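Comments concern the structure below.
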2 protein chains.
Amino acid sequence: MQPKHPANSEAPSRALTDYPRPSVAVDTALLTVADRALSVVLVQSGDRPALPGTFLHEGETLRDAVLRSLRVKCGISGLEPRQLRVFDAPGRDTRGWVLSVAHLDVVPARDLTLDASLAHPTAVGSARTLPLMYDHAEIIELAVDALRAEYADRPDPRPLLPEPFTLRELQTLHEAIAGERLPRDAFRRRMEPLLTDTGELSRGTRGKPARLFRRTPDPRR
Amino acid sequence: MQPKHPANSEAPSRALTDYPRPSVAVDTALLTVADRALSVVLVQSGDRPALPGTFLHEGETLRDAVLRSLRVKCGISGLEPRQLRVFDAPGRDTRGWVLSVAHLDVVPARDLTLDASLAHPTAVGSARTLPLMYDHAEIIELAVDALRAEYADRPDPRPLLPEPFTLRELQTLHEAIAGERLPRDAFRRRMEPLLTDTGELSRGTRGKPARLFRRTPDPRR
DNA sequence: GAAATAGTGTCTGTAAGACACTATCGG
DNA sequence: CCGATAGTGTCTTACAGACACTATTTC
């Protein structure tokens with residue numbers, strides 16, 4: 001006899017708690033752009049690096065569990081986690097039946113005040129060569145792809161840049177995320193209509209001063 | 001004291017099972033194209049329609065749980081469920097702490113042999129007006145968007161059409177999924193290079209016989 | 001003035017939408 | 001022949017990439 005789905009169960013013969021339940025964890029690829037390189041925050045877990053994560057508490061949403069794990073392990077708050085997918089391979093955790101809901105989150109490098117002995121950002125290129133825990137390497141790949149898709153046709157949706165910013169600063173950010181150089185003129189033509197010109201100019205920089213922009217308040221994409 | 005994440009736990013002071021765990025269910029938007037309309041299979045659950053679903057069993061993957069629920073409730077097999085996202089609002093199930101992993105799956109209408117008293121396909125337009133269970137209306141929206149994205153630039157990735165097929169048949173399928181008419185010539189120019197011409201022609205149809213195509217074996221997208 | 005960066009204009013290739021035309025079947 | 005559908009060609013518009021040129025600052 002198998003348990004009936006709640007949506008199909010008018011009078012379940014046994015309580016939900018009579019059936020075995022998995023432990024549910026969250027693991028988060030916390031991405032940032034440091035020194036023009038897209039990086040992921042890794043914590044040390046026994047003998048190998050891993051993504052920050054925690055178990056889901058009772059009465060807590062997945063989002064709150066992610067925020068709690070990042071607050072505790074990285075001392076940051078105010079983020080917007082996005083679900084990637086559930087990892088459910090039966091043997092993925094040797095100590096029991098554990099599902100992990102992989103997440104992506106993003107933080108400006110200047111807001112990262114990490115205890116360097118516990119957590120540190122690593123360029124995603126280098127992270128690929130590390131012996132990461134479980135399916136964490138795959139989570140990072142998913143997170144990078146998801147972030148690239150978010151940034152492909154929008155100026156800094158998360159956001160990562162402090163306002164106001166120049167088009168050059170925006171392009172440098174997009175190039176770090178895309179992992180490749182972008183054509184300057186085409187980038188400008190695509191992004192400028194999506195930004196709001198402040199009318200001000202950058203000062204104290206080398207070369208001709210650049211116009212400063214703000215993000216245009218969300219016109220629903 | 002909070003439980004440590006397994007990835008950070010060398011010697012956990014307590015076993016995983018000492019902490020409260022949620023029940024985990026799967027719910028699936030099973031989509032099909034019937035009579036030129038994109039439809040979703042609904043089952044009756046007490047007083048309202050719902051998506052087919054079940055609880056995750058121990059040692060079972062989410063994929064297997066989805067396949068089991070569709071086999072039991074709709075008598076179909078051999079599908080490819082795709083995760084959409086986890087629904088985790090604390091109050092979403094009145095009987096306890098239940099997470100639901102929403103899935104999308106697709107089946108050709110001719111393979112649907114439903115017990116009509118238990119399950120039946122409903123056009124997604126009409127389904128929007130029904131009083132569905134829990135978050136099932138939102139799951140359907142996610143599923144439709146995901147399927148549209150899968151079909152936007154590929155001929156028949158799932159697949160839904162029996163081979164061989166004409167470009168007209170393929171276009172009718174795409175129009176049902178997209179929910180709108182598509183320009184005939186542009187559709188042809190985009191899709192024909194992605195198909196393999198069988199060299200055969202349709203027969204017994206009205207008008208000029210059309211060339212018959214097969215899907216080109218997956219060149220990785 | 002030299003170096004560096006910002007901003008703009010032009011050309012080309014590609015792809016989509018609109019439209020029209022020809023081709024080939026059943027009746 | 002007529003109606004219907006298949007298949008193709010052309011025009012226009014939009015946009016990206018490539019490239020070049022001008023503009024304005026710091027040093």
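A short reminder: the numbers here are calculations on the coordinates, not readings from a lab. The shown structure was predicted, so the numbers you read here are calculated from the model rather than taken from an experiment. Cβ sites come from the backbone with ideal geometry, for glycine too, and all protein chains shown count toward neighbours.
What to note about this one:
- Charge tally in the Cβ shell below 9 Å around A:Asp135, where Lys, Arg are +1 and Asp, Glu are -1, A:Asp135 excluded: -1
- For chain A, a Gaussian network of Cα nodes joined below 10 Å ranks A:Leu42, A:Leu31, A:Leu99 by mean-square fluctuation, and the top entry is A:Leu99.
- Mean partner shielding of peptide B:53-61, defined as the number of other chain Cβ atoms within 10 Å of each residue Cβ, is 6.
- Summing Lys and Arg as +1 and Asp and Glu as -1 over all other residues whose Cβ lies under 15 Å from the Cβ of A:Arg203 gives a net charge of +2.
- Divided by 2.2 N^0.38 Å, where N counts the residues, the Cα radius of gyration of the stretch A:167-215 comes to 1.17.
- Average partner coverage of B:127-137, which counts Cβ from other chains inside 10 Å: 1
- Largest-first principal axis extents, alpha carbons of chain A, Å: 74, 44, 28
- Loop sites by DSSP among the GluC sites (Glu not before Pro) of chain B, restricted to those with at most 14 other Cβ atoms within 10 angstrom, leave B:59-179 as the longest stretch without any of them.
- Residue of chain B nearest the B-to-A rotation axis [by Cβ], rounded angstrom distance: B:Arg21, 2
- Sorting the segments A:82-88, B:45-51 by their mean number of nearby beta carbons within 10 angstrom, highest to lowest, gives A:82-88, B:45-51.
- Rg over Rh, two decimals, the protein assembly as shown (C-alpha only, Kirkwood Rh): 1.01
- Antiparallel bridge percentage (DSSP; both residues within the protein assembly as shown; nearest 5): 75 percent
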